[in-house]
Amino acid sequence: MNAAPVPILLTQRRYARVATPENPLVLESGQRLTDVTLCYEVFGRLNPAGDNAILVCHALTGDSHVAGRYRPDDPKPGWWDDAVGPGKALDTDRYCVICSNVLGGCQGSTGPSSVNPATGRPYGLDFPLVTVRDMVRAQARLLDLLGVRRLLAVIGGSLGAMQALEWAATYPDRMRGIIPIGGAGRFHPQGIAFNEVQRQAILNDPGFLGGQYYGTPGPVRGLATARMLGMITYRSDESMWTQFGRNPQGEANPLHQGFAVAYQVESYLHYQGRKLVERFDANSYLYLTRAMDLMDLGRGRGSYEEAHARIQARVLAVGIRSDLLFPTYLQRETVELVRASGGRAEYVEMDSPWGHDAFLVDFPLIEEPIRRFLQELEAEENA
C-alpha cells in the first residue's frame, strides 16, 4: 500500500509596521526608529485564547521562511522544515508557529539596507546599532498586533537562542517555556573575536564604500571571506574529516595548484561565500554580528546571575557536543543559573559531529525531547 502523500505546507511573507513617528521604537542605545517594519510568516492557526503560539527565532543569516513553500511548485525549502509542519515537533496542526526576520536584517525587515525616511536613501552605516533586546522588543510589538496573548514557547538556535533567552528575561510572564539551542545569554570572547575578523574582511573591502555601496556590486570579496570564516566556526574538525578529508578538488595534483583551490574543503568555503553574497546584505552582516557581541542578559539588570533570576519560563537548553562557536559549557551554565535562582531548567545534548550547524542538519536527534517539552508546557497551560 502506498503511503499517503505528505501535505505541502504553504506560506506567504507578511509585513507589519511595528514603529511609527507617533509610536517610535526606542533602542537600548537611546536612539529612536520611527518607521520599523518586520517581515514574518505564520504556520498554523492561533486559538481563540491566543496562547498556542510558538515563536521561532532565526540565526545570523536566517529569515522568516522557517518552513513550507510559497507555492506548490516552489523548490525553495524552509530552513527548518525538519522541525516545523503537520505532525512534526513544532506541529502546525496543534500550534501557531510564527517566525519574523529580525530588526537589522535584510529579508524584508527594517535594517541598514532600508530607506532612511530622513534622507530618502538607504541607511547604510547611519542605521543605529541594535541589540538582541531591541530585536525582542520589536517582536513583542508584532505579537501584540497578531493577538498573541501568551506564547507557549520561544525557540531558536545560535542568535535565535540569544533571542529566546532575552525574551524570557525581558518579558518573563509572556511565555510558558523557552528552548535555546546552541546559544547563551552572553557571547564569549572567542566568539567576539571570530566576529571581528569577519567584520574586518567586509570593512576593508574597497567595494564597501563606507557602507553606501547600494547600486554597486558592494563588498563582494569581503562578505564572501567573512562567510568562509563563519562557516569554519559552524563546523567541527570531526565533520570536516568526514565530509572532505584531505581530498583534492578535481583531478589536479594539489602540489601543482599553487594558490588556486586545491582541496575540496577550500572549494566548499568558496561556494558558501558566493551563495551568501547572492542573498545577504553586508551591512546587515556587520550589524547582526555586533548584536551578538553586545548580547549580555545582565546589562542593566544588576548582574548576569540576577538576570537569570528574572526567568519564570521553563527552560530546555540544548547543547551540541561538537560546537566550536557556542561550547556546551555555556548551555550548562544557563541551566545552573536558572536553577540557582529557583527556576526550572534542564539540559539536553545533541551527540552530533556536525558542530554548530547540527541544530539545522541533525534536528531528529532532539525532536523527541522538544516534542515532549512542548506537550508538557501545553498540559501546564491547560491545567
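Looking across 102, 56, 36, one residue alone is more than 21 Å from residue 359 (Cα to Cα) and either in the same structural domain as residue 130 (by TED's automatic domain parsing) or surrounded by fewer than 18 Cβ atoms within 10 Å (Cβ to Cβ) (or both). It is 36. Among the residues of segment 194-228, the ones that are farther than 22 Å from residue 268 by Cβ and either assigned to a loop (DSSP other than H, G, I, E, B) or outside the structural domain of residue 270 (by TED's automatic domain parsing) (or both) come to 8 in all. All conditions in (1) crowded, with 22+ Cβ neighbours inside 10 Å; (2) hydrophobic (A, V, I, L, M, F, W, C); (3) assigned to a loop (DSSP other than H, G, I, E, B) hold for residue 79, with the sole exception of (1). Applying the criterion of being out of contact with any Lys or Arg (no Cβ under 7 Å at 6 or more places or on another chain), acidic (Asp, Glu) and surrounded by fewer than 19 Cβ atoms within 10 Å (Cβ to Cβ) to the residues of segment 311-349, the residue that is nearest to residue 191 (Cα to Cα) is 333.
Checking the stated criteria, residue 176 turns out to be under 22 Å from residue 376 (Cβ atoms) and either basic (Lys, Arg) or in contact (Cβ under 8 Å) with a residue 60 or more places away in the chain (or both).
Looking at the structure I just gave you, is residue 131 modelled with pLDDT of 95 or more, closer than 26 Å to residue 289 by Cβ, surrounded by fewer than 20 Cβ atoms within 10 Å (Cβ to Cβ) and β-branched (Val, Ile, Thr)? So residue 131 fails the test.
Entry remark, segment 322-344: residues being in contact with an Asp or Glu (Cβ under 8 Å, 6 or more places away or on another chain) and aliphatic (A, V, I, L, M) number 3 in total.
So in segment 178-210, with the set limited to residues that are β-branched (Val, Ile, Thr) and within 19 Å of the chain's Cα centre (by Cα), which one is nearest to residue 273 (Cα to Cα)? Among residues in segment 178-210 that are β-branched (Val, Ile, Thr) and within 19 Å of the chain's Cα centre (by Cα), the one nearest to residue 273 (Cα to Cα) is 192. Please state which one of 142, 159 is touching a Leu at 6+ places or on another chain (Cβ under 6 Å), among the aliphatic types (A, V, I, L, M) and more than 17 Å from residue 292 (Cβ to Cβ). So the residue among 142, 159 that is touching a Leu at 6+ places or on another chain (Cβ under 6 Å), among the aliphatic types (A, V, I, L, M) and more than 17 Å from residue 292 (Cβ to Cβ) is 142.
Examine segment 293-308 for a residue that is at pLDDT below 95 and not aromatic (Phe, Trp, Tyr), and state whether such a residue exists. Within segment 293-308, none of the residues are at pLDDT below 95 and not aromatic (Phe, Trp, Tyr). Per this entry, residue 150 is counted among residues that are at pLDDT 95 or above, more than 18 Å from the chain's Cα centre (by Cα) and of a type in the set (Lys, Arg).
Listed by first and then second residue, the pairs with beta-carbon distance under 8 Å, at least 6 apart or on different chains, first residue in segment 238-250 and farther than 18 Å from residue 320 by Cα, second of a type in the set (Ser, Thr, Tyr) and surrounded by 12 or more Cβ atoms within 10 Å (Cβ to Cβ), are 243/268; 244/263; 244/268; 246/263; 247/263; 248/263; 249/263; 249/267. Do we find a residue being hydrophobic (A, V, I, L, M, F, W, C) and either within 23 Å of residue 63 (Cα to Cα) or touching a residue at least 40 places away in the same chain (Cβ under 8 Å) (or both) anywhere in segment 255-267? There is no residue in segment 255-267 that is hydrophobic (A, V, I, L, M, F, W, C) and either within 23 Å of residue 63 (Cα to Cα) or touching a residue at least 40 places away in the same chain (Cβ under 8 Å) (or both). Looking at segment 275-356, the helices (runs of 4 or more DSSP H) lying wholly inside it that each contain 1 or more residues that are within 18 Å of the chain's Cα centre (by Cα) sit at 282-294, 328-340. If you filter segment 139-174 down to residues that are more than 27 Å from residue 356 (Cα to Cα) and of a type in the set (Gly, Ala, Ser), you find that the one that is surrounded by the most Cβ atoms within 10 Å (Cβ to Cβ) is 140.
The values are calculated or read from the model by the stated rules, or taken from the named source; none is laboratory data. Predicted, not measured: the structure shown is a model, and the values here were computed from it. With ideal geometry, Cβ positions are generated from the backbone for all residues, glycine too; neighbour counts draw on all protein chains shown.
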